[in-house]
Amino acid sequence: MQWIVVIGLILVLLVLIARVQAPLMNWTVGIVVPLVILPMMGVIGFGLALLLWVLFLLIFVPLHVDELRLKWITEPLFHHMKKSLPTMSETERSALEAGNVWWDAELFQGKPDWEMLLNTPAPVLTDEEEAFLEGPVETLCSMLDDWEITHKLNDLSPETWKFIKANKFFGMIIPKKYGGLEFSAYAHSQVVQKIASRSVTATVTVMVPNSLGPAELLMNYGTEEQKNLLLPKLATGEEVPCFALTGPDAGSDAGAIPDVGIVCKGEFQGKKVLGFRINWEKRYITLGPVATLLGLAFHAYDPDHLLGKKDDLGITCALIPTKAKGVKIGRRHNPLDSAFQNGPNWGKDVFVPLDWIIGGQEQVGNGWRMLVERLAVGRGISLPSMSTGGGKLATYTTGAYARIRKQFRLPIGKFEGVEEAMARIGGLTYMMDSARMLTLSALNQGERPSVVTAIVKYYLTEGMRQAANDAMDVHGGRGICLGPSNYLGRFYQSVPVGITVEGANILTRTMIIFGQGAMRCHPFVMREMDALSGEDEEASLKTFDALLVDHMAYVIGNVSRSFVYSLSGGYLAPSPVSGKGSGEVSGYYRQLARFSASFAAIADVSLLVLGGALKRKEKLSGRFADVLGYMYLCSSVLKRFEDAGRPEGELPLVHWSCQHALYQIQEALHGIIRHFPVRVIGWKLRAWTFPLGRHLNPPSDYLGHQIANIMMQPGDERSVLIDGIYFPDDSSDIIGRLEHTLTLTLQSDEIENRLKKSGHVFQPSESYDQWLSGLKSGDIISKDEAALLSEAQRAVREVIMIDDFPAGRKRSR
């Protein structure tokens with residue numbers, strides 16, 4: 001019994017030291033105490049005690065004696081890492097340094113500060129922003145007929161283009177002093193989300209001018225003269241912008257842009273001025289076919305040293321009128337039958353004066369930094385908002401259809417197989433919306449979290465893809481037959497567009513999230529890399545040594561936390577919540593703290609063992625991204641639940657989301673360990689990460705059942721799931737008809753159930769109206785009840801019917 005008490009006290013000591021992220025000396029003392037007490041209490045014998053003391057002295061004495069540590073540890077490691085450190089180009093460094101770190105760093109470092117998360121203000125709309133959403137945005141949505149847009153016009157209607165420009169939809173991010181709306185990130189997102197529930201074409205058209213493009217770049221890097229000249233025109237749509245970055249030979253590797261501009265003198269407005277003679281070829285440029293102002297990224301060279309001593313000036317951004325001599329706008333691409341304007345363009349010996357360079361001569365060569373810095377913000381709004389709007393559309397329509405559509409005299413949403421798909425739609429949509437809201441909270445506070453925005457871009461577009469697939473499965477033939485009454489087909493078709501842009505998803509997951517996170521979120525790696533690349537080796541060695549000591553304590557702390565928290569099943573990890581309702585979710589905070597420590601420890605071991613080779617282990621990097629990504633998604637759900645006041649009705653959605661995320665984290669960590677290249681180290685990683693094995697499971701079938709019921713029944717919880725999308729009141733509208741029919745179906749259920757119990761079931765041997773007439777004449781139902789049943793039956797018939805066309809008819813497109 002004595003030894004149990006001793007071991008218990010030792011574990012308590014380790015937990016206390018681990019929780020405060022103790023320095024190396026504290027850890028040394030924490031290890032000495034049991035080495036002294038255990039032999040004295042007779043828990044371990046003299047031989048084992050001697051062996052443990054020898055190991056302890058061999059490891060910790062060199063760590064604490066500066067001369068020994070420098071000679072035996074720091075110097076060899078310094079020279080080894082200096083040789084193996086991969087060279088970093090300026091474009092790579094710019095990408096790594098873009099934006100800042102935020103909650104992602106807390107999760108990455110193994111000891112998340114929950115108070116920081118919970119104290120972040122939730123985003124809110126101003127009265128002006130709410131009025132815009134309830135006015136112009138509602139009106140715009142009512143003008144959009146997606147079948148007409150995609151099948152007949154292959155474009156927005158002229159009236160819609162005029163309305164968008166007149167109401168400054170292109171100027172949401174532009175400050176009021178330049179004629180824009182100056183909306184918050186949250187308002188911007190709400191606008192995109194609502195339009196996305198109506199038309200992908202309109203969404204992309206509105207989204208692009210407010211994302212990474214001329215307005216964003218001008219606002220942050222342009223000269224005052226450029227801002228005053230162009231921003232008012234961009235806000236009103238007098239100038240329609242596009243940004244040309246991608247070309248045939250430089251897609252994901254945008255830093256390798258082959259488009260070249262040579263400094264020279266040319267004629268501009270009757271004068272000889274300095275500028276660039278540029279040749280380029282670009283493709284996939286959204287709004288390119290209708291743009292009047294073309295943003296261009298090109299590689300600048302100055303072989304005659306007209307601007308300075310450098311030959312290679314670097315990537316540079318310019319704004320070029322599309323009417324300029326030599327600019328050619330090509331024909332249109334057809335991105336999966338979406339009708340938004342997209343196409344190639346090129347330029348042949350186009351002279352661009354320095355005044356057209358964004359920021360003027362001072363910003364020549366800073367183009368890549370501009371792009372990655374602004375992408376760190378923009379990709380956290382546009383595509384996540386469009387994805388969440390798509391998820392909410394899938395939730396809204398699938399829930400209603402699954403309740404309306406019956407097979408075997410039962411709503412299809414009551415079948416367990418359908419429930420399974422519906423649970424994914426509803427659960428993922430709730431999680432996506434939570435992550436969107438948390439990210440907007442950060443952006444509204446002025447943060448520019450590049451890793452976080454990469455996370456939401458990837459996981460929310462992938463969530464949209466899953467929701468779209470499941471929605472199509474539930475709708476079956478109703479979903480796959482295109483026509484004026486199909487509300488899912490075009491959304492489903494366009495999903496891959498969001499997957500491929502602003503960083504293709506495979507690239508984002510396997511290279512950006514963890515690759516950038518390991519550099520930016522880690523408390524020591526970037527500083528150690530700077531020390532390794534320093535020119536003064538003696539000073540660099542001392543700096544590296546000081547960082548190494550702190551880094552070792554950091555690793556020991558995370559390993560200890562991981563082991564202790566995992567050994568206790570997460571119960572020894574901290575939870576920031578208490579009081580009413582906290583018991584439902586406190587365990588999720590503890591599991592996140594546990595996995596955060598495990599992630600940090602495994603990441604450090606991987607960086608140490610694999611070094612620069614980890615950059616090429618993209619499958620491992622992708623699994624690290626999954627851990628970090630799902631930790632962010634799970635924590636966003638918990639934050640949302642707290643912000644909402646812990647509403648009991650949302651608990652099925654909270655439980656499903658957290659259990660799904662935690663299971664994905666567990667399996668991703670297992671995948672890293674299982675596939676770790678050095679098997680002996682992999683065994684050690686498993687020992688402190690899963691000392692008792694893997695015990696977390698995916699969400700239960702019952703949770704899925706609860707979510708399916710939420711989706712099929714109007715109420716507060718369903719309203720939370722679909723809040724912010726377009727709800728037409730018109731029952732002749734394809735979406736309005738669905739909601740109208742759901743209301744009638746629910747109203748008629750009580751009558752149908754009563755008839756069923758009394759043995760009165762409709763048979764197809766007579767018409768439905770004849771059957772109702774017989775029931776009415778027999779005083780089995782009233783006149784009003786018969787009218788309700790008849791109206792509901794006709795409405796259901798309209799909802800389940802699909803479009804057909806004349807045989808041999810040629811398509812409009």
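The values are calculated or read from the model by the stated rules, or taken from the named source; none is laboratory data. Computed from a predicted model, the values in this text were never measured in an experiment. All Cβ positions, even for glycine, are placed from backbone atoms using ideal geometry, and neighbour counts span all protein chains on display. The area values use the complete protein model at the heavy-atom level, side chains included, leaving out ligands, DNA and RNA. Shrake-Rupley method; radii C 1.70, N 1.55, O 1.52, S 1.80 Å.
Length gain on complete extension for the stretch Leu567 to Ser790, per 0.36 nm per residue less the alpha carbon to alpha carbon distance?
Values: separation 223, 0.36 × 223 = 80.28 nm, distance 6.25 nm.
Value of the extension gain: 74.0 nm.
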### Task
Return the whole-Å distance between the Cα centroid of the stretch 319-366 and the Cα centroid of the stretch 563-603.
51
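Taking the radius of gyration and the Kirkwood hydrodynamic radius from Cα positions alone, what is the Rg/Rh ratio for the stretch 747-801, to two decimal places? Let's see the in-between values first.
On the way: Rg = 10.9 Å, Rh = 11.5 Å.
Result for the stretch 747-801 is an Rg/Rh of 0.94.
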### Query
Computed over the Cα atoms, what is the radius of gyration of the stretch 251-351 divided by 2.2 N^0.38 Å, N being its residue count?
1.17
### Quarter of Cα convex hull surface for the stretch 92-152, i.e. mean projection, nm²
9.1
### Query
Which lysines, on any chain, are close to Lys615 with Cα under 20 Å apart, when same-chain ones fewer than 8 places away are left out?
Lys82, Lys83
### Task
At q = 0.05, 0.07 Å⁻¹, work out log10 I(q)/I(0) for the chain with the Debye formula, treating every Cα as an identical point scatterer and leaving solvent out; two decimals please.
-0.33, -0.62
### Task
Using a 1.4 angstrom probe, figure out how much accessible area the stretch 346-463 has per residue, in square angstrom, rounded to the nearest whole.
27
#### Entry: Helical mean residue ellipticity (222 nm; -39500 (n - 2.57) per DSSP H run of 4+; nearest 500) of the chain
-18000 deg cm²/dmol
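Determine the share of the stretch 198-289's accessible area contributed by carbon and sulfur atoms, expressed in whole percent, with a 1.4 angstrom probe. Working shown, then result.
On the way: 1700 of 3560 Å².
Roughly 48 percent of what the probe reaches on the stretch 198-289 is carbon or sulfur.
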#### Entry: Distance from the stretch 200-265 to the stretch 614-659 (C-alpha centre basis), Å
34
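About its Cα centre, what dipole magnitude does the stretch 103-217 give when the only charges are +1 on Lys and Arg Cβ and -1 on Asp and Glu Cβ, stated in debye to the nearest 20? Before the final figure, lay out the partial values.
Details: 9 positive and 17 negative charges, 86 e Å.
That gives a dipole near 420 debye.
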### Query
Can you work out ³J(HN,Hα) from phi for every residue in the stretch 662-671, in order, using Karplus 6.51 cos²θ - 1.76 cosθ + 1.60 and θ = phi - 60°, giving whole Hz and x for Gly and Pro?
5, 5, 4, 4, 4, 6, 5, 4, 4, x
### Task
Taking only protein heavy atoms into account and a 1.4 Å probe, give the accessible area per residue of the stretch 664-813 in Å².
57
#### Entry: Loop sites in the stretch 338-436: chymotrypsin sites (Phe, Trp or Tyr not before Pro), DSSP, at most 12 other Cβ within 10 Å
Phe408
### Task
Just flag the chymotrypsin sites (Phe, Trp or Tyr not before Pro) in the stretch 536-598 sitting in loop per DSSP whose Cβ has no more than 15 other Cβ atoms within 10 Å.
Tyr571
### Message
Full-extension gain between Glu224 and Lys406, please, as 0.36 nm times their residue separation minus the C-alpha to C-alpha distance.
### Response
59.2 nm
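Taking the square root of 5 times each eigenvalue of the Cα gyration tensor, what semi-axes in Å does the equivalent ellipsoid of the stretch 151-298 have, largest first? Present the calculation step by step, with values, prior to reporting the outcome.
Numbers: eigenvalues 160, 80, 44 Å².
Sorted largest first and rounded, they come to 28, 20, 15 Å.
I need the semi-axes of the equivalent ellipsoid of the stretch 436-584: take the C-alpha gyration tensor, multiply each eigenvalue by 5, square-root it, list largest first in whole angstrom.
Values: eigenvalues 371, 123, 40 Å².
That gives 43, 25, 14 Å for the three semi-axes.
For the stretch 503-587, run through the trypsin sites (Lys or Arg not before Pro) and keep only the ones in DSSP coil with at most 14 other Cβ atoms within 10 Å of their Cβ. Intermediate values should be presented prior to the final figure.
On the way: sites: Arg509, Arg520, Arg527, Lys542, Arg561, Lys580; in loops: Lys580.
Listed in order of number, the matching sites are Lys580.
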### Message
Let me test this: with uniform point scatterers at the alpha carbons of the stretch 687-786, what is the Debye-based log₁₀ I(q)/I(0) at q = 0.21 1/Å?
### Response
-1.11
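Evaluate the relative contact order of the stretch 632-734 (contact order divided by residue number), counting alpha-carbon pairs under 8 angstrom at least 6 apart; express in whole percent. Write down the numbers at each step before the final one.
Details: 49 pairs, mean separation 29.7, N = 103.
Across the stretch 632-734, relative contact order equals 29 percent.
Keeping the other protein chains in place, figure out the carbon and sulfur percent of the accessible area of the stretch 338-481, with a 1.4 Å probe. It would help to have the intermediate numbers written out before the result.
Values: 1820 of 3940 Å².
After summing per-atom areas, the C and S share lands at 46 percent.
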### Query
Which value, in nm² and rounded to one decimal, describes the direction-averaged projected area of the C-alpha convex hull of the stretch 156-218?
4.2
### Task
Could you please state, rounded to a whole Å, how far the C-alpha centre of the stretch 111-164 is from the C-alpha centre of the stretch 455-517?
19
### Task
Would you list, by chain and number, the lysines whose Cα falls below 27 Å from the Cα of Lys282, excluding same-chain residues fewer than 8 positions away?
Lys165, Lys227, Lys233, Lys265, Lys310, Lys323, Lys325, Lys328, Lys348, Lys457
### Summary
Quick shape summary for the stretch 305-422, equivalent ellipsoid via Cα gyration tensor, semi-axes whole Å in descending order, reads 52, 19, 10
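Explain nothing, just the number: dipole magnitude of the stretch 131-185 about its Cα centre with +1 on each Lys and Arg Cβ and -1 on each Asp and Glu Cβ, in debye rounded to the nearest 20. Spell out each step's value before the answer.
Details: 6 positive and 8 negative charges, 84 e Å.
I would put it at about 400 debye.
Can you give the alpha-carbon Rg of the stretch 365-429 over 2.2 N^0.38 Å, where N counts its residues? Spell out each step's value before the answer.
Details: Rg = 19.3 Å, N = 65, 2.2 N^0.38 = 10.7 Å.
Dividing the Cα radius of gyration by 2.2 N^0.38 Å gives 1.80.
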### Message
Can you tell me the convex hull volume per residue for the stretch 117-173, based on C-alpha atoms, in Å³ to the nearest whole number?
### Response
129
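In whole percent, what relative contact order does the chain give with Cα contacts below 8 Å and a gap of six or more residues?
Relative CO of the chain lands at 16 percent.
Any idea of the accessible area per residue across the stretch 529-661, 1.4 Å probe, to the nearest Å²?
Details: 4660 Å² over 133 residues.
I get 35 Å² per residue for this part.
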